[in-house]
Amino acid sequence: MLLVKTAQLQEGCILAEDVIGKSMRVIIPKNTVLDQKLLTVLQKFLVPSVRVQSLLVNGNPFRPTEIIKEEVPSVKNSVKNSVKNEEILTLYLEAVRQYKQMFQSWQSGLPIDIGKIRKFFMPLFERVIESEKELLTFHHYSTKEDYLFHHAVTVGLLAGVIAKKLQYSKGDYCQVAIAGLLSDCGMAKIDPKIIEKSTALTPQEYKEIKQHTAYGYKMVQKIPSLQEGVKLAVLQHHERNDGSGYLFGVEQNKIHPYSRIVAVADVYHAMISERPYRKKQSPFKVLEQIQHDCFGKFDISVVNALSSILMTLSIGTKVKLSNEQIAEIVFFESESPTRPMVKLIDTNEIIALRERRDLFIEEIIN
């Protein structure tokens, strides 16, 4: 991470620490991707310097003309954790960049090179398996312009972790991760004008978008190193248990287990991310919506696995509540995983969100 003067910042910089104002309140939380509006906020609040990651959100190195030198921290563990987190972020942003390049090659008609995919994706996946908490932060780095590429990488990671949680063997959960990564590869065959459209799709455009599952299946169908379940997940990840999905409207007994995992990972990440025509939503609020639909549309065991992951990873996590207060998650109750007990940072008051239906977790900060 780098400590730089605010004047040195540029759009695409990623905050490595919370920016704290003179009133000791968080002005901009850690992991935020800076845009022009936020750069202006920092200037108006007279913030002299901030710590940012060494990479921009597009994966390119950040090269300010001046870096503030600091004394090396004496706490070795915090240094190790900081380095470890930055290494994972570097792997993630590089994977997004590599996927984008491959996607562009598919648009020009080149076939999928599964060897290259494994080379950039599997090192990241292995690190995430070791440090699953990073899954909580990756959606912060997704931009409207590169949403499709961030989505592919994160869905792959999330699907693989869910499969591991469901006690799949290593060989199988790695295949599920690849299935998630490739689930939207068929979007490369859709007119870029439709993909990049910033407003709601017309019925005809939406009909064309639905074809990406079939296009993707054709792209992976003859890759011998992929299990049949991976190929079916590419085809079926928009199918739903009650038959309300697409492309064929099949019901649960005809949907492959890999497809059911990727379906939940796909919907979850899509709803918590900033997209060209939709704002991101709270991960906890999204999980509530998915749970509400799970008995009809999604595999309940997959949804429960996602809930379990969120519960396990979130203890001690700072969050922003819907009333703008900052709190820390202190306890989960299995009956209400999306509404944990939190401690307000300002007052140390403990609030059981299960009993406060007027409040919910708006955003995970770190």
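The values are calculated or read from the model by the stated rules, or taken from the named source; none is laboratory data. Small disclaimer: the values here were computed from a predicted structure and weren't measured. As a convention, Cβ positions derive from the backbone with ideal geometry for all residues, glycine included, and neighbour counts pool all protein chains shown. When the accessible area is computed, the model is the full protein with side chains, heavy atoms only, and any ligands, DNA or RNA have been set aside. Shrake-Rupley method; radii C 1.70, N 1.55, O 1.52, S 1.80 Å.
In the stretch 222-237, which residues are assigned to a loop (DSSP other than H, G, I, E, B) and either among the β-branched types (V, I, T) or surrounded by fewer than 19 Cβ atoms within 10 Å (Cβ to Cβ) (or both)?
Kept after step one, since they are assigned to a loop (DSSP other than H, G, I, E, B), are these residues of the stretch 222-237: 222-227, 237.
Those that are assigned to a loop (DSSP other than H, G, I, E, B) and either among the β-branched types (V, I, T) or surrounded by fewer than 19 Cβ atoms within 10 Å (Cβ to Cβ) (or both): K222, I223, P224, S225, Q227.
Can you name the residue in the stretch 311-324 that is in contact (Cβ under 8 Å) with a residue 60 or more places away in the chain and in a helix (DSSP H, G or I) and is also nearest to R354 (Cα to Cα) among such residues?
S314
For every residue, the table says whether it meets (1) open to solvent by 20 Å² or more (accessible area, probe 1.4 Å); (2) among the charged types (D, E, K, R); (3) in a loop (DSSP other than H, G, I, E, B).
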site	(1), (2), (3)
I88	no, no, no
L93	no, no, no
Q101	yes, no, no
Q104	yes, no, no
G115	yes, no, no
R127	yes, yes, no
K144	yes, yes, yes
G156	no, no, no
G171	yes, no, no
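Out of the stretch 298-320, which residues are open to solvent by less than 70 Å² (accessible area, probe 1.4 Å) and over 20 Å from the mean Cα position of the chain (by Cα)?
Selection gives D299, S301.
How many residues, within the stretch 31-41, are open to solvent by 60 Å² or more (accessible area, probe 1.4 Å) and assigned to a loop (DSSP other than H, G, I, E, B)? Even if it seems obvious, please write down each step before you answer.
Restricting attention to the stretch 31-41, the residues satisfying the condition of being open to solvent by 60 Å² or more (accessible area, probe 1.4 Å) are 35-37.
Narrowing the set further to residues that are assigned to a loop (DSSP other than H, G, I, E, B) leaves 35.
Final tally of qualifying residues: 1.
In the stretch 194-221, which residue that is modelled with pLDDT of 95 or more and of a type in the set (D, E, K, R) is surrounded by the fewest Cβ atoms within 10 Å (Cβ to Cβ)?
K207
Pull out all pairs, ordered by first then second residue, where Cβ-Cβ is under 6 Å, the residues are six or more apart or on different chains, the first lies in the stretch 201-219 and is aromatic (F, W, Y), and the second is surrounded by 15 or more Cβ atoms within 10 Å (Cβ to Cβ) and part of a helix (DSSP H, G or I).
Sorted first by the residue in the stretch 201-219, then by its partner, the pairs are Y215/G186; Y215/K189; Y217/V234; Y217/L235.
Tell me yes or no: at least one residue of the stretch 131-140 is among the polar types (S, T, N, Q), touching a residue at least 24 places away in the same chain (Cβ under 8 Å) and either over 30 Å from I315 (Cα atoms) or open to solvent by 30 Å² or more (accessible area, probe 1.4 Å) (or both).
No - not one qualifying residue is present in the stretch 131-140.
Give just the number: which of (1) modelled with pLDDT under 95; (2) charged (D, E, K, R); (3) in contact with a helix residue (DSSP H, G or I) (Cβ under 7 Å, 6 or more places away or on another chain) does K165 not satisfy?
Failing condition for K165: (1).
Restricting to the stretch 249-280, name every residue that is within 24 Å of G171 (Cα to Cα) and part of a loop (DSSP other than H, G, I, E, B).
I255, H256 - these are the residues of the stretch 249-280 that are within 24 Å of G171 (Cα to Cα) and part of a loop (DSSP other than H, G, I, E, B).
Search the stretch 252-283 for residues being small (G, A, S) and open to solvent by less than 10 Å² (accessible area, probe 1.4 Å), and hand back the single one that is farthest from L359 (Cα to Cα). Walk me through how you get there before you give the answer.
Step one: of the stretch 252-283, the residues small (G, A, S) are 259, 263, 265, 270, 273, 282.
Applying the additional criterion that residues be open to solvent by less than 10 Å² (accessible area, probe 1.4 Å) yields 259, 263, 265, 273, 282.
On the way: S259: 34, A263: 28, A265: 25, S273: 21, S282: 12 Å.
Among those that are small (G, A, S) and open to solvent by less than 10 Å² (accessible area, probe 1.4 Å), it is S259.
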